[in-house]
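The values are calculated or read from the model by the stated rules, or taken from the named source; none is laboratory data. Treat the numbers as computed from the prediction; the structure is a model and nothing was measured. With ideal geometry, Cβ positions are generated from the backbone for all residues, glycine too; neighbour counts draw on all protein chains shown.
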Amino acid sequence: MSTPTEPVKTQPRYARWLATTNVVTRHIVATYGPDCINLSGGLPAPEIYPLAAIEAATQRALARFKHRAVSYGPVEGMKELRMAIAARASTPRQRFGAENVLITTGSLQALDLLGKILVEPGETILAQFPTYLGALDAWRPRTPTYRRLDWAADPMSLGQAVSGAQFVYCVPNFSNPTGALIATESRQRLLAAAQRAGGVLVEDDPYGALFYDGVALPSLLDLSSDGSEIYRGPVVHLGTLSKSIGPGLRIGWAIAEPKMIEMLSLAKQGADIGTGTFAQGVAVELLDAGIDRAVLPDMLALYTRRRDALVAAAGEHLGLRFDFTAPVGGMFLWLTAKDPALDTDALWPIAFAAGVSFCPGSVFDPTARLKNAMRLNFTLNDEAQLVEGVRRLARAVERHLQAPA
Ligand code: PMP
């Protein structure tokens, strides 16, 4: 008979990269009560989610796809949805087909898969700085090295930077977090450098439709189109329904040359075997009915008013302490402190206790050293809440600056 022994307490040996991450995303996607105004997330206004259209699309999807709507589907995505995305991307100059499209579980999954297929531990990613937090999170387990993408670099330096990296990551339309819009000439220069160096350009574009002032600029995907029968350019263009319809659908996509799509599919097979077919079926119906395009005018009008309200409130209550530029699109206002002693990591708990949350700059920096900046969202809350949120933030800033170091 064996002698009973004391059970040994489980001691998992967690992977080292976990020590380099943070819990900010959990706060970003959390819905707060009236006591705390969430200015931290990149969240759409829930009141304009097209619920009736989604309900009708769900019924049509079940009637059309029947058992396919709840079965496993192809790893690359349902043919109908891939074709719908390809048709949207096609122009008189360039045709895209299903072979150019991978459906992903949100565009964040496309970032994750790109890390898996392109980056060995320690290899370099050339990234727009500051860099989207979700991308940094997605690539953390790959332990990459980051170099800053300098849009203004001369062609030779840009070419060298591109050839020294596994790929280039950028958000040319209203960057997350800064809201910056990259000019067409800079896009062209980057593309030319990538074409000379044989590099891959990842163009992450969730905000391209959210243009409040002026007209849309050509995407890197469009600029790289050469009219060949099958697109074989260097751009991997990422899109999503998260901002145009609703993030809970978790429908995103990558558009790229067929070999890249094949490699991404191999990685996706081990991630989730395929994006939920139910959501894909609904997405096909929503896109076929043009629901994203139908809701856009109201969305642009609402977000323009909210952008204006946040910019005005920031000017009034935070203008003494921060520099900022009003964004012409997207979802964010980026503020940089005039006083280098202002540390937005230290400000965060004070602001949270005062009933407002924001995104500290450090989470958009692979080295977490960007302490004097913060990102505010203007799409989730109405104008009155935005103004109240900024007032609370301004009070928290003064408290932070008065606190002993
Ligand atoms: N890329 C960028 C730049 C984003 O801002 C976001 C959403 N915050 C995503 C990708 C991910 O979006 P989703 O996975 O919901 O499509």
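Quick notes on this one:
- Selection status of Leu333, away from the ligand (no atom under 16 Å from the Cβ) and among the hydrophobic types (A, V, I, L, M, F, W, C): no
- Residue ID - nearest to the ligand (Cβ to nearest atom), chosen from residues in the stretch 137-147 that are outside any strand (DSSP E or B) and more than 17 Å from Asn176 (Cα to Cα): Arg140
- Selection from the stretch 194-210 of residues that are surrounded by fewer than 19 Cβ atoms within 10 Å (Cβ to Cβ) and closer than 28 Å to Ile251 by Cβ: Ala209
- Answer residue from the stretch 196-208, given it is among the aliphatic types (A, V, I, L, M) and within 16 Å of the ligand (Cβ to nearest atom) and is nearest to Gly159 (Cα to Cα) among those: Leu201
- Test: residue in the stretch 389-401 that is in contact with a strand residue (DSSP E or B) (Cβ under 9 Å, 6 or more places away or on another chain) and among the acidic types (Asp, Glu): no
- Residues that are assigned by TED's automatic domain parsing to the domain that holds Gly239, modelled with pLDDT under 95 and out of contact with any Ser or Thr (no Cβ under 6 Å at 6 or more places or on another chain) do occur in the stretch 92-109.
- Residue check for Leu264: surrounded by fewer than 21 Cβ atoms within 10 Å (Cβ to Cβ) and either of a type outside the set (Asp, Glu) or on the phi < 0 side of the Ramachandran plot (or both): no
- For the stretch 1-113, the helices (runs of 4 or more DSSP H) that sit wholly inside it and include 3 or more residues that are touching a residue at least 40 places away in the same chain (Cβ under 8 Å) and within 21 Å of the chain's Cα centre (by Cα) are 24-29, 79-89.
- In summary, Thr25 fulfils each of the numbered conditions (1) closer than 29 Å to Trp139 by Cα; (2) at pLDDT 90 or above with the single exception of condition (2).
- Within the stretch 378-405, being touching a Lys or Arg at 6+ places or on another chain (Cβ under 9 Å) and not aromatic (Phe, Trp, Tyr) holds for Thr379, Leu380, Asn381, Asp382, Glu383, Leu386, Ala394, Val397, Glu398, Leu401.
- Residues located in the stretch 158-168, provided they are over 25 Å from the mean Cα position of the chain (by Cα) and either at pLDDT below 95 or in a loop (DSSP other than H, G, I, E, B) (or both): none
- Lone qualifier among Glu99, Glu123 - being surrounded by fewer than 22 Cβ atoms within 10 Å (Cβ to Cβ) and either within 15 Å of the ligand (Cβ to nearest atom) or within 30 Å of Arg64 (Cβ to Cβ) (or both): Glu99
- Those residues of the stretch 267-283 which are surrounded by fewer than 22 Cβ atoms within 10 Å (Cβ to Cβ) and not aliphatic (A, V, I, L, M), in sequence order: Gln269, Gly270, Asp272, Gly274, Gly276, Phe278
- Scan of the stretch 32-56 for residues that are hydroxyl-bearing (Ser, Thr, Tyr), within 16 Å of the ligand (Cβ to nearest atom) and out of contact with any Cys (no Cβ under 9 Å at 6 or more places or on another chain), ordered by number: Tyr49
- Of the residues screened, Gly134 is one that is within 23 Å of Leu113 (Cβ to Cβ), among the small types (Gly, Ala, Ser) and within 15 Å of the ligand (Cβ to nearest atom).
Rundown of residues vs (1) within 16 Å of the ligand (Cβ to nearest atom); (2) under 26 Å from Ser157 (Cα atoms), yes/no style:
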position	(1), (2)
Thr184	no, yes
Gln188	no, yes
Leu191	no, yes
Leu210	yes, no
Pro218	no, yes
Ser225	no, yes
His237	yes, yes
Ile245	yes, no
Ile255	yes, no
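- Any hit, the stretch 185-199, residues being more than 21 Å from the chain's Cα centre (by Cα) and without any contact (Cβ under 8 Å) to a residue 24 or more places away in the chain: yes
- Whichever residue in the stretch 153-167 is closer than 24 Å to Val363 by Cα and out of contact with any helix residue (DSSP H, G or I) (no Cβ under 6 Å at 6 or more places or on another chain) and, among such residues, is surrounded by the most Cβ atoms within 10 Å (Cβ to Cβ): Ala165
- Residue in the stretch 361-369 that is farther than 29 Å from Gly208 by Cα, outside any helix (DSSP H, G or I) and among the aliphatic types (A, V, I, L, M) present: no
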